[in-house]
1. Using a 1.4 angstrom probe with every protein chain in place, what is the largest-first accessible-area order of D117, D154?
2. With θ set to phi - 60°, apply the Karplus curve 6.51 cos²θ - 1.76 cosθ + 1.60 along the range 136-145 and write out the HN-Hα couplings as whole Hz, x wherever there is a Gly or Pro.
3. Place a +1 charge on the Cβ of each Lys and Arg in the range 119-180 and a -1 charge on the Cβ of each Asp and Glu, then give the dipole magnitude about the Cα centre in debye, rounded to the nearest 20.
4. By how many nm would the segment from Q104 to A23 grow when fully extended, if each residue of separation counts as 0.36 nm and the alpha-carbon distance is taken off?
5. One-quarter of the Cα convex hull surface for the range 24-118, in nm²?
6. Taking H placed 1.01 Å from N in the peptide plane, check which residues at least 5 places from T81 or on another chain put their amide H under 5 Å from its amide H.
7. What does the accessible area per residue of the range 58-180 come to in Å², with a 1.4 Å probe and no ligands, DNA or RNA counted?
8. Considering amide H positions built from the backbone, and no H for Pro or chain starts, which residues 5 or more places from V128, or on another chain, come under 5 Å of its amide H?
Amino acid sequence: MSVPATLATTIGVAIAVPEPWGAQLQDYRTALGDHTAGGIPTHVTLMPPQEVDGADLPELEQHLSKVSADNEAFRIHLRGTGTFRPVSPVVFVTVAEGISACEQLAFGVGQGPLRADQRFPYHPHVTVAHHLPDEVLDRAFEELADFECDFVVDRFSLYVHDREAGWVPTRDFALAASEE
């Protein structure tokens, strides 16, 4: 998907949850009745949605390339559930391992041309239920309490929001090889 260089567009930066877990969690979210789930690939957010000028995309991509080169690949272990209620009607799968690496990556992404004030402190997680009735949020919290998976994060992606397709990954940024 290419973005016209002079139009404002909404972007996000995230770590995709790989298969089979990405599809499993996205299907679960859809089954709960979240009608937006089909357009939201399963992910750990590094930078929430932000509107930018399409003409700035080359500079933003250059910034993200530098961030990726400055950060090493790392492991994420997802386990159990959490919630932001009562502040926000969200249930999520928790990041049990990889929190500090996600924080460092998110900090780097949010510098320079992508610097913006955030409404809430950064907390890496995978949303599985959002803006649904309380009983559905409770169900998701309970049903995914035993969910667990782990994977190596060797890249993150720039996503562009498309009105019909939802969030579309437009470019991956490979992290530096881990020295382990």
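1. My answer, sorted largest first, is D117, D154.
2. Here the 3J(HN,Hα) series is 6, 4, 4, 4, 4, 4, 6, 5, 9, 4 Hz.
3. Here the size comes out at about 520 debye.
4. Answer, rounded to one decimal: 26.5 nm.
5. Projected area, direction-averaged: 7.7 nm².
6. Answer set, sorted by chain and number: T94.
7. Spelled out: the 1.4 Å probe surface of the range 58-180, per residue, equals 57 Å².
8. Distant-sequence amide H within range of V128: V91, F92, V93.
The values are calculated or read from the model by the stated rules, or taken from the named source; none is laboratory data. For clarity, every value in this text was computed on a predicted model and none was experimentally measured. Here Cβ is always computed from backbone atoms with ideal geometry, including for glycine, and neighbour counts include all displayed protein chains. Just the protein is used for accessible areas: all its heavy atoms, side chains included, with ligands, DNA and RNA removed. Shrake-Rupley method; radii C 1.70, N 1.55, O 1.52, S 1.80 Å.
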